[in-house]
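Working notes, beginning with the structure itself.
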Amino acid sequence: MRTVFHVSTPEEVPVVVAKVRNLLADESVEIESVAVVLDRGEAIARLHADSDLADGLRDLLDRNVALKACRNAARHPEVSEGDLLEGVEVVSSGVGELTRLQDAGYAYIRL
Amino acid sequence: MRTVFHVSTPEEVPVVVAKVRNLLADESVEIESVAVVLDRGEAIARLHADSDLADGLRDLLDRNVALKACRNAARHPEVSEGDLLEGVEVVSSGVGELTRLQDAGYAYIRL
Amino acid sequence: MRTVFHVSTPEEVPVVVAKVRNLLADESVEIESVAVVLDRGEAIARLHADSDLADGLRDLLDRNVALKACRNAARHPEVSEGDLLEGVEVVSSGVGELTRLQDAGYAYIRL
């Protein structure tokens, strides 16, 4: 099974890290693929390589969790695309990506 | 692909207008159909013809975006059904409509 | 059709009771099955047998609505598993359950 998490606020970023870990640790469900889509600048800014959450996020990336930042939101003054953790993908729009992934069979979970 | 947005607060109404525009502008995804379901009276009141958002909402209606207001919520004292923008549909329940659309293959995005 | 509601805050618990009732009362949609997944301790605590919401929740359970509490969240100090209403199911994780139900064809509604 596959799951996409939808995150908008900076406060939700550490919560989604915990929730993805819970999902991957749940042996009652076979998870093939997990993605996190962030669609607000303040949340995306927490994906910077110097973020206090960088270690937890790198761990997710190492476990093949896709972190996807909305290009429209990444124009926010707090976000510098060049400072994002290596492996974060910038997508043409958060809403387009959420549609595409659900159309491909991903379950959707809103933080 | 098809997408339904779920909106409850008045503050989310201008945000969903922007998000629908982002979705329709995203050339990486082929969108056949978009709906917005509003399930609280305070949000539905922003669909009045004299709303400050009326121009943006009329533009969405002109582009075949369906605006759907929950009948239960439309009983709210701030809402007058006769004052809603022409083209807004009143549905028997927001939750029923959200179920029906997802069952028909719509992706779901919660504001 | 089938619907799963996702609830996190205690304030959302009475709202979801009303929304499930609206869904079951909506004659325009044929509902086979409804579930509610709660993934935060403060919300799960409102499923105690002595909760002010107990009568409404028992009525939902009597109508075969499944109430599912996330085991991770049920470790919260406010929650005592033994005090939960009879019929509430504790699931291995809220996110796993939400994935499994959507994979089985449930529509998802976030409170």
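Values computed for the structure shown
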item	result
Leading residue by the ranking (nearest to the other protein chains (Cβ to nearest Cβ)) among those in the range A:1-16 that are surrounded by fewer than 18 Cβ atoms within 10 Å (Cβ to Cβ) and within 23 Å of C:R75 (Cβ to Cβ)	A:V15
Among the candidates B:D39, B:D50, B:D62, residue that is away from chain A (no Cβ under 14 Å) and over 25 Å from A:G94 (Cα atoms)	B:D50
Subset of the range B:21-36 (residues that are within 10 Å of chain A (Cβ to nearest Cβ) and in contact with a Lys or Arg (Cβ under 6 Å, 6 or more places away or on another chain))	B:V29
Residue in the range B:81-91 that is in a helix (DSSP H, G or I) and either surrounded by 24 or more Cβ atoms within 10 Å (Cβ to Cβ) or within 14 Å of another protein chain (Cβ to nearest Cβ) (or both) present	no
Counted residues, the range A:32-52 - those being surrounded by 17 or more Cβ atoms within 10 Å (Cβ to Cβ) and assigned to a loop (DSSP other than H, G, I, E, B)	3
Enumeration of residues in the range B:17-31 that are in a loop (DSSP other than H, G, I, E, B) and within 27 Å of B:S51 (Cβ to Cβ)	B:D26, B:I31
Test set (1) in contact with a strand residue (DSSP E or B) (Cβ under 6 Å, 6 or more places away or on another chain); (2) crowded, with 16+ Cβ neighbours inside 10 Å - B:K19 fails condition number	(1)
Cβ pairs under 7 Å, 6+ apart, first in the range B:95-108 and at the interface with chain C (Cβ under 9 Å from one of its Cβ atoms), second open to solvent by 30 Å² or more (accessible area, probe 1.4 Å) and of a type in the set (G, A, S)	B:G96/C:S28
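The values are calculated or read from the model by the stated rules, or taken from the named source; none is laboratory data. As the structure is a computational prediction, the values presented were derived from the model and not from experiment. Note that we place each Cβ from the backbone using ideal geometry, even for glycine, and neighbour counts take in every protein chain shown. Surface accessibility is based on the protein's heavy atoms, side chains included, excluding ligands, DNA and RNA. Shrake-Rupley method; radii C 1.70, N 1.55, O 1.52, S 1.80 Å.
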